[in-house]
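Structure record follows, encoded as structure tokens.
A short reminder: the numbers here are calculations on the coordinates, not readings from a lab. The model shown is predicted, which means the values in this text are computed figures rather than measured ones. Cβ sites come from the backbone with ideal geometry, for glycine too, and all protein chains shown count toward neighbours.
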Amino acid sequence: MNKEFLVYFIIACVKILLVFGVVQLMIISMIWLERKVMAHMQVRLGPMRVGPHGLLQPIADGIKLLFKEDIIPQKASKLLFILAPIMTVVPALITFAVIPFGDKVKILGYNVDLVITDINVGFLYVFAVSSLGIYGIVMAGWASNNKYSLLGGIRSSAQMISYELTLGLSLIGVVMLTESLSLVDVVNGQAKLWNIVLQPLGFFIYCTSAFAEVNRCPFDLPEAESELVAGYHTEYSSMKFATFFMAEYANMITVSAIAVTFFLGGWHGPFLPPVVWFMLKLSACLFFFIWVRSTYPRLRYDQLMNFGWKFLLPLSLFNILITGFIMILKG
Amino acid sequence: MLHYLPILILFIVAAGFAVTNIGLSAILGRRKPTIEKLMPYECGIDPVGSARERFSVKFYLIAMLFVIFDIEVVFLYPWAVVFKSLKLFGFIEMLVFIGILLVCYLYIWKRGGLEWD
């Protein structure tokens, strides 16, 4: 028992450090990729000076931010002000615990699942944890004691809770098909056919809600710079500001990973190794985020709320009913 | 319970990472506070009044609606897991449940609970 536990513990630790490192690397490369891809879509070059094609730009930015002055406004609630970025980034990073990124492999005679942990309520865990991120944003908006921050924080929370509803509802169709809340089972159920074929409407609703959930264009109203300066992180500087950015990118990677797991077949794919397939699909989703950002203008706030409550919510209920209906017909 | 241990480890790693980052910048960055710098930023104009004023009641309404509908979503999860074995019975039951909810939803819509202007 003791030795088994030790092996389990060590394997878990290695997997965690590996996943954590890869996610950090992806965040850094996403920052570069976003600037570069957007630049080329707008027929400019983007960062070119630091390293070949500006590859080292995010690292230079990181070092710069590390040495910047750390300003805490006099009227701010100090504890909440410092805690807010941590509260935002931690949930974004720990969601990866249940996402399967490859098949079982044998390393040094031990069977290793390529998922940090396979819990039977993985689906609930993902939603519970990802909705915690709202607290950090509300705290940041409140603690800054700045009108723009407060408005940004409240707007952001209203937007995120509205779209969290449809986000949860859009995945119920997949759960009905797989009969399990474990993400490993969800991926295994897609060995023959990806869920996107069976749940096209669910995928559409999920994508739209995911964009709103991570505050990305065209739903980036919490940081609408023309009206709110920078929204909830107006007063933040130095590494605290960078932490908010890291949380945004980590959230993007999380929702993309969930989309891959639930709709795009997870690590399933021909010829290439499973991990490579997973990364390829994940990269495609992340590219889609950037693509949408440079294509669509920002919505108005009333349009955003109307779209969520009056269109997406009935549509996601309809998706569940139609899924159930077809499954009954097929027996 | 053993399966939840890696989540705890990951949580410690993530929290440690975030705290280290913010702590490092607090140590490394030099500090030259001035009164102007520590004021709330309002595009260069001295702030008027407190920032913590009352805000639109609509946000409370959204929060309440969220709680109601989110509870419904929670009911749907266990139903979805066992749907295949419940067959037609389960489908009709859920039809009734969603039907009742839809009536409330239409009532809220009709009373202008979802309007934003």
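The table below gives the values:
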read-out	value
Calculated Rg and Dmax of the stretch B:2-110 using C-alpha coordinates, Å	25.3, 70
Those trypsin sites (Lys or Arg not before Pro) in the stretch A:139-213 that DSSP places in a loop and that have at most 16 other beta carbons within 10 Å	A:192
Fewest-first ranking of B:59, A:219, B:11, using other Cβ atoms within 10 Å as the exposure measure	B:59, B:11, A:219
Per-residue average of Cβ from other chains inside 10 Å of A:64-72	5
Charge tally in the Cβ shell below 12 Å around residue A:296, where Lys, Arg are +1 and Asp, Glu are -1, residue A:296 excluded	+2
Kirkwood Rh, Cα atoms: Rg over Rh of the protein assembly as shown	0.98
Of the DSSP H helices in chain A, those whose Cα atoms cover at least 15 Å axially and whose Kyte score averages 1.6 or more	A:78-94, A:274-293, A:313-330
Unit charges on C-beta of K, R, D, E only; dipole of the stretch B:2-110, Debye	220 debye
Unit charges on C-beta of K, R, D, E only; dipole of the stretch A:216-331, Debye	460 debye
Neighbourhood charge, 15 Å Cβ-Cβ cut-off, centred on residue A:169 and excluding it, Lys, Arg +1 and Asp, Glu -1	-3
Shielding by other protein chains, B:47-58, mean Cβ within 10 Å	3
Mean residue ellipticity (222 nm) of chain A, computed from DSSP H runs ≥ 4 via -39,500 (n - 2.57), nearest 500	-21000 deg cm²/dmol
Within a Gaussian network of chain B (alpha carbon springs, distance under 10 Å), most fluctuating of B:69, B:91, B:17	B:17
Whole-Hz ³J(HN,Hα) from phi, Karplus 6.51 cos²θ - 1.76 cosθ + 1.60, for the stretch B:68-85, glycine and proline x	4, 6, 5, 4, 4, 4, 4, 5, 6, 4, x, 4, 5, 5, 9, 4, 4, 7
Burial ordering of A:235, A:4, B:115, fewest other beta-carbon atoms within 10 Å first	A:4, B:115, A:235
Peptide A:153-161, shielding by other chains (average Cβ, 10 Å cutoff)	3
Chain A, dipole about Cα centre (Lys/Arg Cβ +1, Asp/Glu Cβ -1), debye to the nearest 20	460 debye
Protection proxy ranking of B:45-56, A:62-73 - average other beta-carbon atoms within 10 Å, highest first	A:62-73, B:45-56
Farthest toward positive dipole pole in the stretch A:44-166 [+1 Lys/Arg, -1 Asp/Glu at C-beta], among A:57, A:132, A:92	A:57
Taking A:217, B:43 and counting other C-beta atoms within 10 Å, the order from fewest to most	B:43, A:217
Residue with peak Gaussian network fluctuation, chain A [Cα springs, cutoff 10 Å], from A:271, A:101, A:262	A:271
